[in-house]
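The values are calculated or read from the model by the stated rules, or taken from the named source; none is laboratory data. Everything numeric in this text was worked out from a predicted model, so none of it was measured. Don't worry about glycine lacking a Cβ; one is built from the backbone with ideal geometry, like all the others, and counts go over all protein chains shown. With ligands, DNA and RNA removed, areas are computed over all heavy atoms of the protein, side chains included. Shrake-Rupley method; radii C 1.70, N 1.55, O 1.52, S 1.80 Å.
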Amino acid sequence: MKCVVPVLTVLVVFVALWYAFAVVLNAPWARDRAERAGTELSFTALVADTWAQEKPLLPAPHQIAAEVWHTTAEMRITSKRSLVWHAWVTLSATFAGFAMGAALGILLAVGIVHSRVMDLSVMPWIIASQTVPILAVAPMIIVVLYNIGVQGLVAKAAISAYLSFFPVVVGMVKGLRSPDRMQLDQLHTWSASRTQVFGKLRLPASMPYLFTSLKVAVAIALVGAIIGELPTGAQGGFGSRMLSGSYYGQTLIIWSALVGAAVCAGALVGLIGLVQRLVLKRMGMAT
Amino acid sequence: MSSQVIQARGLDLTFRTADGPVHALKDVNLSVQRGDFVSFIGPSGCGKTTFLRVVADLEQPTGGEITVNGMSPAEARRARAYGYVFQAAGLYPWRTIGGNIRLPLEIMGIPRAEHAARVARVLELVELTGFEKKYPWQLSGGMQQRASIARALSFDADILLMDEPFGALDEIVRDKLNEELLGLWRRTGKTIGFVTHSIPEAVYLSTKIVVMSPRPGRIIDVIESDLPAERPLDIRESPEFLALARRVRDGLRAGHGYD
Ligand SMILES: Nc1ncnc2c1ncn2[C@@H]1O[C@H](COP(=O)(O)OP(=O)(O)OP(=O)(O)O)[C@@H](O)[C@H]1O
Ligand SMILES: [Mg+2]
């Protein structure tokens, strides 16, 4: 409970700064309009205007809150304008991509740890794969996939998987290699087979590493799904909300999509943290 | 089976390292009888650990011969001839003490029906009865090391190899564990190979003290102890004990390890 005060202080400072920036950034537009209308704005009127514009450069927090409320609580979730519906579109691609990415990552890690050839031949490609600027090539991938008949959720999930397998490989390789020399020697004195070394030692030892990397991976998978939605146009999802928002200068729509994405990412990471705690507790490794 | 348990003849081991060869063992000759308690003592780097690891088939000698129970170390390992206790307990944090002791049993394919009885028996040997369901982090360092000894005993190897098992523990706990180890050795009749840096520990525990010297690692003296099998802790003040300790110290000096 001791941290409540500092946390609240930071929050208040953050919100206050946000409002201040809203004034600074939105003021030119307010003055512009007042000038064209031939009126003079008092300071209070200016501030009030900057916090209530329809298409502000930087919307004030309460405007975003109102927009989020309007598009979630006040709409049927099946409506195409509902943020919940868009969230579901993005999340379903996220889940699919995350599952593929995690599975691929774990499989690659197992291969890399067990085969020196794979370590030397595959690892450089895995690293190289992540130097590709995905934002730039995502439209290309979507188009290529579209041409071979893959579209919608699967295409988006492919980008999610592409981004999210990487932290899983890296974390899982580290985890599977975390047993030290002594532990491996110990198993050797019992004449353990490779499968036993894997099942009894490497795999359980890698669990904390796996979950840590899964947290990173799930957040990236969400980003991947959003990126995958940008080029597909208005088929739904946070990405398409952001895109159409920016077409029409609807900053409130962009920002509410950003808030929605952030909330989803937080929830996903939190969910994995919860599973992590349950699993490690059952394994007796909770600290 | 003969009473020769470990037999080394002209054993050599050279490690190839980036900065040239390291002669870890040179012309080591040693014979250990069934039921011996052998301590290896000597300055750091004299090859004590290396010798034990050769016996355990964890290092391959580059010359000479070694047999364990009349077999090669690899055969002896597969025949479950020995249990190895490392300096760190190395218990798996995700297994209970009981689960850790069952680990080698599972790996060796010992029938499940026997596990419970074996775990109970070895826990009693190391005086940890009642701790079966506890996790390693719930035990003190000394108790963890006892659990790791129990684990090494669980599959009935008749040789116990221990590399500074109590090195990380404080003196008082060490004394207690040494006393217990002696009791365990008397009751089970196992052959024990024990690496230590402490002269009193070596003299207190052993029937045979192997004094080693580094660069190259070699044996410079093998002292047979005539102390009685029954050894209360205060035997360490007796003249016989002090005479043995002096001989070990002189041996170490002669090997100019500590100057
Ligand atoms: N895997 C290895 N590769 C290269 N050199 C090694 C290796 N293991 C041990 N050595 C070297 O062999 C020599 C003997 O090492 P060893 O570990 O047997 O000594 P020790 O008597 O157990 O020492 P300590 O009392 O410090 O444990 C040392 O010089 C060491 O550096
Ligand atoms: Mg050593």
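Quick notes on this one:
- Residue count for the stretch A:32-57, restricted to those that are of a type outside the set (Val, Ile, Thr), open to solvent by less than 20 Å² (accessible area, probe 1.4 Å) and under 21 Å from residue A:250 (Cβ atoms): 2
- From the options B:36, B:19, B:57, residue that is modelled with pLDDT under 90, open to solvent by 10 Å² or more (accessible area, probe 1.4 Å) and acidic (Asp, Glu): B:19
- Cβ-Cβ contacts under 8 Å between residues 6 or more apart (or on different chains), taken from a first residue in the stretch A:146-159 that is closer than 12 Å to residue A:226 by Cα to a second residue that is surrounded by fewer than 22 Cβ atoms within 10 Å (Cβ to Cβ) and of a type in the set (Phe, Trp, Tyr), are listed as A:155/A:146.
- Among the residues of this structure, residue A:29 does not count as one that is open to solvent by 80 Å² or more (accessible area, probe 1.4 Å) and under 30 Å from residue A:156 (Cα atoms).
- Checking B:192, B:235 one by one, the residue that is in a strand (DSSP E or B) and open to solvent by less than 40 Å² (accessible area, probe 1.4 Å) is B:192 and no other.
- Counted as qualifying within the stretch A:124-189 are the helices (runs of 4 or more DSSP H) with 1 or more residues that are modelled with pLDDT under 85 and open to solvent by 30 Å² or more (accessible area, probe 1.4 Å), namely A:134-147, A:153-176.
- Residues (among the aliphatic types (A, V, I, L, M), surrounded by fewer than 17 Cβ atoms within 10 Å (Cβ to Cβ) and under 26 Å from residue B:10 (Cβ atoms)) located in the stretch B:210-232: B:220, B:222
- Filtering the stretch B:11-28 for residues that are within 14 Å of chain A (Cβ to nearest Cβ), without any contact (Cβ under 8 Å) to a residue 40 or more places away in the chain and within 16 Å of ligand 2 (Cβ to nearest atom) leaves an empty set.
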